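The structure appears right after this line, and notes come after that.
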Amino acid sequence: MTATATLIRQTVRDLIRGKTDAGDRISINRSEQIWRNEIPCIVIYSRSGTFKRMSETSQIFARTAKIDVELVVEQVSDDDGNPLPVDDLADEMKMDVLNELLADKILRNIVENLNSFEPQEEAEKTESNTMRDVTSSGVARQLCAIVLTFEASWDEEYKPDEANLLDDFRTADVKINTPQAGADLGAATEELVTFPRP
């Protein structure tokens, strides 16, 4: 079964695919180099989250995750080489993404146990990330992006892996070094010990 956090990222991707100037150039947790012919594009990833048991006797946990939607465009600079604010293309993409993802309960209708999906913050990213231009001998050009951060919350039941549970501790495998005269001092003797239970 697909993990809820993975399902949320996949659902975000599916909802915005073809709805922005990025078209279907949308990646989840991408780590590879971005190429110029892919711009504009969108990268979706999880940055952090929480995991809290609902009660001491419960196997249900309240979970949250920060979901970042990064709208990537080419960095534009002024005549002196100073980077300009993220251009209108990214702003248009931002509005398209928000219109899709914040439609009334749209994610909650798809992701069964999702409680909420709310916008948290917006930031501009103009770090040293670069894209490669395949048409000009691999010249690197700077990227910039608007990063939209959402917080998703859901309840998740812990279901142990029945195939790999510990036994009921009726037996223990004990290894004891008991060197004897002329024996290899590094040799171990194995013995199976059974514990009586009421």
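The values are calculated or read from the model by the stated rules, or taken from the named source; none is laboratory data. Everything quoted here is computed from the prediction, not taken from an experiment. Ideal geometry is used to build each Cβ from the backbone, glycine not excepted, and the neighbour counts take in all protein chains shown.
When the stretch 1-49 is filtered for residues that are modelled with pLDDT of 85 or more, within 18 Å of the chain's Cα centre (by Cα) and β-branched (Val, Ile, Thr), the ones remaining, listed by number, are Thr4, Thr6, Ile8, Thr11, Val12, Ile16, Ile26, Ile28, Ile42, Val43, Ile44. Scan the stretch 20-46 residue by residue and report those that are in a loop (DSSP other than H, G, I, E, B), loosely packed, with under 15 Cβ neighbours inside 10 Å and either on the phi < 0 side of the Ramachandran plot or out of contact with any Lys or Arg (no Cβ under 9 Å at 6 or more places or on another chain) (or both). Result: Asp24, Ser31, Glu32, Gln33.
Checking every residue in the stretch 135-145 against the condition of being surrounded by 15 or more Cβ atoms within 10 Å (Cβ to Cβ) and modelled with pLDDT of 80 or more gives at least one match. In the stretch 90-98 there is at least one residue that is surrounded by fewer than 14 Cβ atoms within 10 Å (Cβ to Cβ), within 21 Å of Asp14 (Cβ to Cβ) and at pLDDT 85 or above.
Here Met131 passes the criteria (1) modelled with pLDDT under 90; (2) not in a strand (DSSP E or B) except the one numbered (2). Close Cβ contacts (under 6 Å, 6 or more residues apart or on different chains) running from residues in the stretch 53-73 that are basic (Lys, Arg) to residues that are at pLDDT below 90 and exposed (fewer than 15 other Cβ atoms within 10 Å of the Cβ) comprise Arg63/Phe51; Lys66/Arg47; Lys66/Ser48.
Just to verify a result, which residue in the stretch 64-75, among those that are surrounded by fewer than 18 Cβ atoms within 10 Å (Cβ to Cβ) and touching a Phe, Trp or Tyr at 6+ places or on another chain (Cβ under 9 Å), is farthest from Ser116 (Cα to Cα)?
Quick first cut of the stretch 64-75, residues surrounded by fewer than 18 Cβ atoms within 10 Å (Cβ to Cβ) only: 64, 66, 74.
Next cut, touching a Phe, Trp or Tyr at 6+ places or on another chain (Cβ under 9 Å) only: 64, 66.
On the way: Thr64: 9, Lys66: 12 Å.
It comes out as Lys66.
Can you tell me which residues in the stretch 56-111 are out of contact with any Ser or Thr (no Cβ under 7 Å at 6 or more places or on another chain), assigned to a strand (DSSP E or B) and of a type in the set (S, T, N, Q)? Result: Ser77, single match.
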